[in-house]
Amino acid sequence: MNITFEEACRNYLNYVKLKDKQTSYRNISNRVNNYILPYFSDKTIDQLKTIDYLNWQMNIEELNFKYRYKKTLHYCFVTFLNYCINFYDLKENVAVKVGNFKNEETEDSGSVWTLEEFNKFIKVVDDPIYNTLFELLFYTGVRMGEALALTFNDFDSENGIIFINKTITRFFKNGDRVITTPKTKKSIRRISIDNCMKNKILELRDYYNKNYSNFNHEFRIFGGDRVIAPTTLARKKNKYCELADVKIIKIHEFRHSHACLLFQNGVPIDEISYRLGHSTISMTMDVYLRFIPKNEKRVLETLNSIRLVS
């Protein structure tokens with residue numbers, strides 16, 4: 001088998017481009033072209049040995065990446081070699097044989113806000129668009145891209161429901177942000193919102209209708225005829241955190257905060273999983289167990305193992 005790494009990588013990326021979303025393809029292409037191919041461009045696939053993979057890991061270690069990114073590179077390599085096994089009859093996956101990078105970092109469990117902290121924060125948010133957006137993130141747990149993609153066509157004002165059927169990626173195409181389907185099939189969902197949230201969205205609709213002559217239901221709920229940039233949203237969030245004198249959390253941690261709020265108020269984890277758009281209940285458990293008090297973890301794991309097999 002005289003397939004070179006360069007040829008195999010090129011064919012693999014063409015395969016990924018056909019099968020995966022544009023954002024996934026860009027990320028994988030960056031990892032392969034920058035951190036895998038340069039180390040093995042002079043080899044053929046069948047020449048790859050465990051010692052080669054170990055040496056590659058040592059080179060990556062010298063780049064001082066966070067463990068999380070090194071883990072991503074490892075799994076990218078694993079997936080690439082699995083492709084080679086399937087299409088080029090490669091005999092073994094040396095990345096699996098050697099294993100992942102060693103994690104010597106203290107785990108960062110992230111941060112969440114209590115309801116009291118969020119209330120303190122939201123009181124200082126004086127812009128009605130951002131006030132409503134932050135409330136939606138905290139009280140629904142939608143992803144940032146899902147929230148920014150919402151139009152008034154996705155809002156059922158009569159029943160108090162928002163329909164999540166698209167997301168905005170971070171990448172630009174011809175000057176515009178790319179609109180794609182959500183992360184997974186389970187991410188396409190209908191989310192109920194409380195009356196206060198519904199009324200705030202209705203007030204935004206009235207605001208756009210009054211101030212924009214071209215208003216229509218294709219307007220973004222947050223931004224109108226434009227898209228709010230994630231960098232702008234993060235900058236606003238940080239400013240309001242400082243004004244409210246609360247700890248700064250990431251935008252995605254509004255989603256974590258929502259999940260914890262529901263769990264602490266007795267909502268079953270399968271219902272939380274649906275609301276968040278996770279593909280499985282186990283994914284919800286994996287993500288949020290670290291935010292739950294230790295004396296509750298075993299109880300939750302037991303209950304959910306029962307629910308998964310019942």
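The values are calculated or read from the model by the stated rules, or taken from the named source; none is laboratory data. A quick note: this is a predicted structure, and the numbers were derived from the prediction, not measured. Every residue, glycine as well, gets a Cβ built from its backbone with ideal geometry; the counts of neighbours run over all protein chains shown.
Counting residues in segment 247-258 that are of a type in the set (Gly, Ala, Ser) and modelled with pLDDT under 90 gives zero.
Does segment 3-62 hold any residues that are charged (D, E, K, R) and outside any helix (DSSP H, G or I), and which are they? Those that are charged (D, E, K, R) and outside any helix (DSSP H, G or I): Asp20, Lys21, Asp42, Lys43, Lys49, Glu62. When Phe121, Phe40, Phe87 are checked against the criterion of being under 29 Å from His258 (Cβ atoms) and either of a type in the set (A, V, I, L, M, F, W, C) or surrounded by fewer than 14 Cβ atoms within 10 Å (Cβ to Cβ) (or both), Phe121 stands alone in meeting it. Just for segment 124-146: of the residues that are out of contact with any Ser or Thr (no Cβ under 7 Å at 6 or more places or on another chain) and more than 20 Å from Lys247 (Cβ to Cβ), which one is surrounded by the fewest Cβ atoms within 10 Å (Cβ to Cβ)? Per the criteria, the residue is Asp126. Across segment 172-201, the qualifying residues are those that are out of contact with any strand residue (DSSP E or B) (no Cβ under 9 Å at 6 or more places or on another chain) and closer than 20 Å to Met283 by Cα, and the one among them that is modelled with the lowest pLDDT is Thr184.
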